[in-house]
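I have placed the structure first, in the form of structure tokens, so that the comments after it can refer back to it.
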Amino acid sequence: MPVLRDADKLSFGQIERAIKELGAKAKNNTLSIADLLGGTFTITNGGIFGSMLSTPILNGPQVGILGMHNIVERPMVVNGQIVIRPIMYVALSYDHRIVDGREAVQFLVRVKQSIEDQVGMLL
């Protein structure tokens with residue numbers, strides 16, 4: 001996978017542009033070895049291909065990979081009523097030698113909260 005460096009220091013627009021540039025390099029077969037080395041965390045989006053759930057496999061030396069899947073409508077119970085809500089499964093694989101399970105679960109909870117409150121994520 002191509003590596004997007006220093007993503008924590010980039011705005012959403014800068015991340016989008018960098019992903020577009022890496023995608024163009026991949027399409028043009030011009031990715032360099034340097035473009036592929038040094039990653040620490042991967043996000044994979046099998047949902048764009050219709051995947052409902054998978055278990056992402058770590059690509060060492062990376063520490064974690066977050067798999068995001070297809071959004072589908074599912075029945076849920078809310079306040080004692082069955083309602084239809086959009087549901088997306090996410091899966092996190094991580095190197096347990098580096099990441100404790102508690103922090104991994106807290107990260108997943110934060111991802112869920114961010115997805116559910118997109119306005120807050122942008123602020």
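The values are calculated or read from the model by the stated rules, or taken from the named source; none is laboratory data. These numbers were taken from a predicted model, which means no experiment stands behind them. When we count neighbours, we look across all protein chains shown, and the Cβ atoms used for this are built from the backbone with ideal geometry, even at glycine.
Surrounded by 10 or more Cβ atoms within 10 Å (Cβ to Cβ) and over 16 Å from the mean Cα position of the chain (by Cα), is that true of Val77?
Working: surrounded by 10 or more Cβ atoms within 10 Å (Cβ to Cβ): no; over 16 Å from the mean Cα position of the chain (by Cα): yes.
Judged against the criteria, Val77 is not a match.
Answer yes or no: is there a residue in segment 110-120 that is surrounded by 13 or more Cβ atoms within 10 Å (Cβ to Cβ) and modelled with pLDDT of 90 or more.
The answer is yes; a qualifying residue exists.
Restricting attention to segment 1-49, and to residues there that are among the acidic types (Asp, Glu) and at negative phi, which single residue is modelled with the lowest pLDDT? Working first, answer last.
Applying the first criterion (among the acidic types (Asp, Glu)) to segment 1-49 yields 6, 8, 16, 21, 35.
Now narrow it down to the ones that are at negative phi: 8, 16, 21, 35.
Values: Asp8: 88, Glu16: 94, Glu21: 95, Asp35: 92.
Checking each candidate, the answer is Asp8.
Out of Thr30, Thr40, Thr44, which single residue is among the polar types (S, T, N, Q) and in contact with a Leu (Cβ under 9 Å, 6 or more places away or on another chain)?
Thr44
Out of the residues in segment 1-55 meeting the condition of being among the hydrophobic types (A, V, I, L, M, F, W, C) and within 22 Å of Ile98 (Cα to Cα), tell me which one is surrounded by the most Cβ atoms within 10 Å (Cβ to Cβ).
Applying the filter and picking the extreme gives Leu4.
Can you say whether Ile87 is within 21 Å of Phe12 (Cα to Cα) and either under 13 Å from the mean Cα position of the chain (by Cα) or surrounded by 14 or more Cβ atoms within 10 Å (Cβ to Cβ) (or both), as far as the supplied structure shows? Give the derivation first.
Details: within 21 Å of Phe12 (Cα to Cα): no; either under 13 Å from the mean Cα position of the chain (by Cα) or surrounded by 14 or more Cβ atoms within 10 Å (Cβ to Cβ) (or both): yes.
Answer is no for this residue.
Based on this model, can you work out whether Leu58 counts as more than 22 Å from Glu103 (Cβ to Cβ) and either touching a Lys or Arg at 6+ places or on another chain (Cβ under 6 Å) or in a loop (DSSP other than H, G, I, E, B) (or both)?
no
This table checks each residue for (1) within 26 Å of Ala26 (Cα to Cα); (2) within 13 Å of the chain's Cα centre (by Cα).
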position: Gly47; (1), (2): yes, yes
position: Pro56; (1), (2): yes, yes
position: Asn70; (1), (2): yes, yes
position: Asp95; (1), (2): no, no
position: Ile98; (1), (2): no, no
position: Glu103; (1), (2): no, no
position: Ile115; (1), (2): no, yes
